[in-house]
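Notes follow once the structure below has been shown.
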């Protein structure tokens, strides 16, 4: 197969998905990946696609670089698959759009103020109208993928529901993401103290700083965990603000290659996000046999089995988050069992092989359907 993959000039989970597919599918198929440079344009992508003549075009978060009208333009020319990693196709990255159940109409949107004049001037209304029109112009044979069942249900409720919808969870390389003993010294983390790890690629940029919940973790750690466990350490990785406390260790941005070493330093991984789709960080920690505490939002309950592979807590609830951290750190045998269970769960459901094969089958079906027509 000749497969074109179109993303944007930004990282995080959507980039992981696109780049993993680029690498793994590239072992057996011919891949053309976009963007090729920071100066990629609507016209340059279409020109290269015309030269490459792909059997399938796989769009990810292309709208960070290209106008949204690219989707109907490309889907009218080529068999197109569109993976929805966040609410931007049906809204924005604001928490209001992540958490909203009104995307089928958007008429009760909290981002829109009362009054028709304000309603019509609001840029969100215009952006949503553009996306609705773009979706209307896409041919019905376009296929849409949701990484989580939570996102799948969101898409079913509005205009993207008229296309073929598929649930394909992310997958991770379990030969890479595995527990690596004795790595704390490399990161300047004490060997004889309980360690809580938080990691987020972009914590302070765009709306991620609000969304990933580090402020709630800081409050839980300083106001609750430290009182019960004065020697506990909170390690913070990523381009994040760092809570001001002597027990907090700032680690900065850690490369993808070193993430298994970093994750293996932790006694518990914590992701107190206020909204999410299917975060890779949870799967990566589970792959490294680390118990995970995360909020009960988005697709996270699909990843974590409460009480078996980790604990789920309500979002924006620092006391509950602190209690969950203390519960895991206070029972080392149970924490170890949670970590082992998490590893087995990822092996069963979220392996890179399962992930890639699911996309490969979908692309083959799309091509076969085109040939039958």
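Which residues, taken from region 88-99, are assigned to a loop (DSSP other than H, G, I, E, B) and buried (at least 23 other Cβ atoms within 10 Å of the Cβ)?
If the condition is that a residue be assigned to a loop (DSSP other than H, G, I, E, B) and buried (at least 23 other Cβ atoms within 10 Å of the Cβ), then 91 is the only one that fits.
Take residue 312 and decide whether it is crowded, with 16+ Cβ neighbours inside 10 Å and in contact (Cβ under 8 Å) with a residue 24 or more places away in the chain. No; evaluated as a whole, the condition is false for this residue.
Each row is one residue, and each column tells you yes or no for (1) surrounded by 14 or more Cβ atoms within 10 Å (Cβ to Cβ); (2) free of Cβ contacts under 8 Å to residues at least 24 places away in the same chain; (3) within 24 Å of residue 171 (Cβ to Cβ).
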{"position": "4", "(1), (2), (3)": "yes, no, yes"}
{"position": "29", "(1), (2), (3)": "yes, no, yes"}
{"position": "37", "(1), (2), (3)": "no, yes, no"}
{"position": "55", "(1), (2), (3)": "yes, no, yes"}
{"position": "65", "(1), (2), (3)": "yes, no, no"}
{"position": "71", "(1), (2), (3)": "yes, no, no"}
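I need the full set of residues from region 203-217 which are over 17 Å from residue 267 (Cα atoms), at pLDDT 85 or above and either in a loop (DSSP other than H, G, I, E, B) or touching a strand residue (DSSP E or B) at 6+ places or on another chain (Cβ under 7 Å) (or both), in order please. Before you say what the answer is, go through the steps one by one.
Residues of region 203-217 over 17 Å from residue 267 (Cα atoms): 203-216.
Add one more test, that the residue is at pLDDT 85 or above, and what stays is 212-216.
Residues satisfying the conditions are 212, 213, 214.
Among the residues of region 27-69, those identified as part of a loop (DSSP other than H, G, I, E, B) and in contact with a helix residue (DSSP H, G or I) (Cβ under 7 Å, 6 or more places away or on another chain) are 55, 60, 61, 66, 67, 68, 69.
Screening region 218-305 for helices (runs of 4 or more DSSP H) wholly inside it with 2 or more residues that are within 19 Å of residue 150 (Cβ to Cβ) returns the ranges 280-287, 300-303. Residues in region 1-26 that are assigned to a loop (DSSP other than H, G, I, E, B) and closer than 27 Å to residue 282 by Cα were compared, and the one that is modelled with the lowest pLDDT is 11. Exactly one residue among 236, 248 is outside the structural domain of residue 20 (by TED's automatic domain parsing), surrounded by 22 or more Cβ atoms within 10 Å (Cβ to Cβ) and closer than 25 Å to residue 327 by Cβ, and that residue is 236.
The values are calculated or read from the model by the stated rules, or taken from the named source; none is laboratory data. No experiment lies behind these values; they were computed from the predicted model shown. Glycine gets a Cβ as well: all are built from the backbone with ideal geometry, and neighbour counts include every protein chain shown.
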